[in-house]
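Right, one structure below, let's go through it.
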Amino acid sequence: MRSPVQQYLESIVEQCSGTEGEVASYIPELAQTDPDRFALALATVDGHVYTLGEAETCFSIQSISKPFTYALALADRGFQGVAEKVDVEPSGEAFNEISLASDTGRPPNPMINAGAITAASLIAGENTESRFARVLDWLSGFAGRDLEVDEKVYTSELTTAHRNRAIAHMLREFNILHGDPEEQLDLYVRQCAVSVNTRDLAVMAATLANGGVQPVTQRRMLEPAYVERVLSVMATCGMYDAAGDWISAVGMPAKSGVSGGIIAVLPGQVGLAVFSPRLDAHGTSARGVQVCERMSNDMDMHLMHVGRMSTTAVRSRYPLSQVSPRRSRPEADQAVLDAHAERSMVYELHGDLLFAGAENAVRAVVDDTPELVILDVRKVDDIADVAQDTLRGLRAALREADAEMAVVDPQRVLPDPDAGTDQASPYFDDLDSAVRWAEAEVLRRHGRQPTDEQTLVNEHPLLRDLSSSARRVVDSYMEEVHFSADEVVLEVGEQFSGVHLIVEGAVIATVQDRSGGTVRLVTMNPGTSFGELALGTDGVQDTTVRAISDLAVLRLSAEAIEEITAEHPLVALQMWRAMARDAYRVAERALRAGATFG
Ligand code: GLN
């Protein structure tokens, strides 16, 4: 099947069939080029290359080598070492202008010849041979294949390079170049004569688009900070005296060369290369400019084009009390949660978090001033460093206000720098676990001690109002049963088998929805009971109850209840009265929850 992208590229090229301009002739060998050659290549940051025309035909790289040797100079000498010798100001002058700053003698930028000869001179190595070997290796690394020098172009340019020779000698006079200026010139002319094809150039551009990692070989060529610098200089100076026009009309960092090539970089997306040897007045491929303008327009490639405003990062925001009805717990605990769970908040974030997104989330939290925060980042795709720092700042601010933040983050997109220390934040793989943490924390913060087993049992609504003699009878019928995590305790459809009082661990009650999926209805904790609801549905269990941790229950079986009813009617009366009271309590809570959230 033919890709619509390929078809689209073909249609653009058909419409940009410029025949204006002449091939460069000041380098005699370049004058031999067939002026109507054409190629286009587009390389994605994941390493796919679309090509059109003679994308495998080689030509000398010329000035497109400049951003790459500047990059190598930066890698060799660092920002400071390079800045001492060459500036980053657009000159608004032609590529071969003899221009140096009047005080320091520094060339204005590394994209015009004076600056490029200087950048080449900063490349480390024993001698010109070994330094050039490094340049060739470097360019080959970006292209992902072994490149060679076009010896004819090299000799042709070197023998006629009067202007560049003058520039080199002048740079030497200002102590910008060291050593023999002829050798530095030689290195520069050889770098310009490296033979590449349009596909190579697109992949080289895509390496810059990909933050310095060659998208096909996956080799890291350049540190991201240097990539940013190189792209900035390309954006402001890459098109010489047409830089303003270019950034306005095309809007991508780019570089052209007099042999007819142009590369353009759309950071994070693609590298683009065009080859068409007829040049405009700036020494840039005329048809190449036309194609780039057209693509930028049609494909929204202009860097300043904002396709999508950053939308809110907070997908939803709600108090803990809104999740709590899906749980059952001892009444006294419930009372504390009813009073305080409003001040614990869940924030679900989504999308790519850059500064604006993190600011958005932080502002929501600051407005709420909650006591506990659950930050759910499961739907976040990527978090920029600045967003990570901002969210960590939020945690610090919360702690200062005696609040705490938990994170739901199974993928660890927001790593905890304090993981493993006593400063670590609680991290959870699912929201439910985080909610359980928050509830326990609310209870702890508001004075509820974790109740011991015996008290839990004594306070259970079924037992607490029994007279001591009745209680003794009931106790004698209760048996302790254990289950392990994941074990099904009650199955939907089975007959009422008794009342189960949770002493330790927790269970969930689930039902199947229409499509057969499992829906959790409620989580039940120690001090609560299950099974008795079947009495309301003709003795048929209508949920599946499953242990979610090791579980201990006290069971008053259906047979035991029958026996008590037969043998100890007065005890049974007390017991049924307690059951009815508890059932009304549950019904009342459900009604209230329905009124609030229905
Ligand atoms: N080698 C060429 C020169 O120095 C490169 C110029 C260019 O491509 N713009 O003149």
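Computed from the coordinates by the stated procedures, all read-outs in this text should not be read as laboratory data. These numbers come from a predicted model, not from an experiment. Here Cβ is always computed from backbone atoms with ideal geometry, including for glycine, and neighbour counts include all displayed protein chains.
Sorted largest first, the principal axis extents computed over the alpha-carbon atoms of region 257-404 equal 85, 30, 18 Å. Contact order for region 58-208, expressed relative to its length and based on alpha carbon pairs under 8 Å spaced 6+ residues apart, stands at 32 percent. Please determine, in degrees from 0 to 90 and to the nearest 10, the orientation of helix 162-173 with respect to the longest principal axis defined by the Cα atoms of the chain, where the helix direction is its Cα long axis. Tilt relative to the chain: about 70 degrees.
Each Lys or Arg adds one and each Asp or Glu subtracts one; over the other residues with Cβ under 10 Å from the Cβ of residue 260, this totals +3.
Residues 316, 195, 102, ranked from the fewest to the most other C-beta atoms within 10 Å, line up as 102, 316, 195. Annotation: amide H of residue 238 within the under-5 Å range of 254, sequence separation 5 or more or interchain, hydrogens built in the peptide plane. Across region 377-389, rounded Karplus estimates of 3J(HN,Hα) from the backbone phi angles (6.51 cos²θ - 1.76 cosθ + 1.60, θ = phi - 60°) give 10, 5, 9, 8, 7, 8, 10, 5, 3, 5, 6, 4, 4 Hz, Gly and Pro being marked x. For region 93-229, taking Cα atoms only, Rg and Dmax work out to 15.6, 45 Å respectively. In this structure, the amide hydrogen of residue 93, modeled 1.01 Å from its nitrogen in the peptide plane, lies closer than 5 angstrom to those of 241, counting only residues at least 5 positions away or on a different chain.
Relative to the longest principal axis of the Cα atoms of the chain, helix 558-567 runs at roughly 20 degrees.
Would you mind ranking 192, 16 so that the residue whose beta carbon has the fewest other beta carbons within 10 Å leads the list?
In increasing order of surrounding Cβ atoms, one gets 16, 192.
Taking Rh as the Kirkwood radius computed over C-alpha pairs, what is the Stokes-Einstein D of region 37-166 at 4 °C in a medium of viscosity 1.567 mPa s, expressed in µm² per second? Translational D for this selection: 79 µm²/s. Karplus-based coupling profile of region 262-267, in residue order and whole Hz: 9, 10, 9, 10, 10, x, with θ = phi - 60° in 6.51 cos²θ - 1.76 cosθ + 1.60 and x standing for Gly or Pro.
Considering only alpha-carbon pairs that sit under 8 angstrom and 6 or more positions apart, the relative contact order computed for the chain is 11 percent. Distance from the Cα centroid of region 1-53 to that of region 72-109 is 31 Å (rounded to whole angstrom). Cα centroid distance between region 528-598 and region 418-496, in Å? Answer, in whole Å: 16.
Once the chain from residue 592 to residue 155 is taken as fully extended at 0.36 nm per residue, the excess over their C-alpha distance is 148.4 nm.
When 232, 557, 91 are arranged by Cβ crowding within 10 Å, least crowded first, meaning fewest neighbours, the order is 232, 557, 91.
Between the helical axis of 468-477 and the longest alpha-carbon principal axis of the chain there is an angle of about 60 degrees. With both labels modelled 7 Å from their Cα along Cα-to-Cβ, the residue 382 to residue 180 distance reads 4.8 nm. Distant-in-sequence amide contacts of residue 489, defined by a placed amide H-H separation under 5 Å and a gap of 5 or more residues or a different chain, comprise 545, 546, 547. Calculate, in whole percent, how much of the Cα-Cα pair population of the chain lies beyond 31 Å. Percentage above 31 Å: 63.
Restricting the calculation to alpha carbons of region 328-424 gives Rg and Dmax of 14.5, 45 angstrom.
Counting only DSSP beta bridges whose two residues both lie in the chain, roughly 75 percent are antiparallel. Pairs of C-alpha atoms in region 329-384 farther apart than 14 Å represent 61 percent of all such pairs. Ranking 31, 426, 458 by Cα position along the charge dipole of the chain, where only Lys, Arg, Asp and Glu carry charges on their C-beta atoms, puts 31 farthest toward the positive end.
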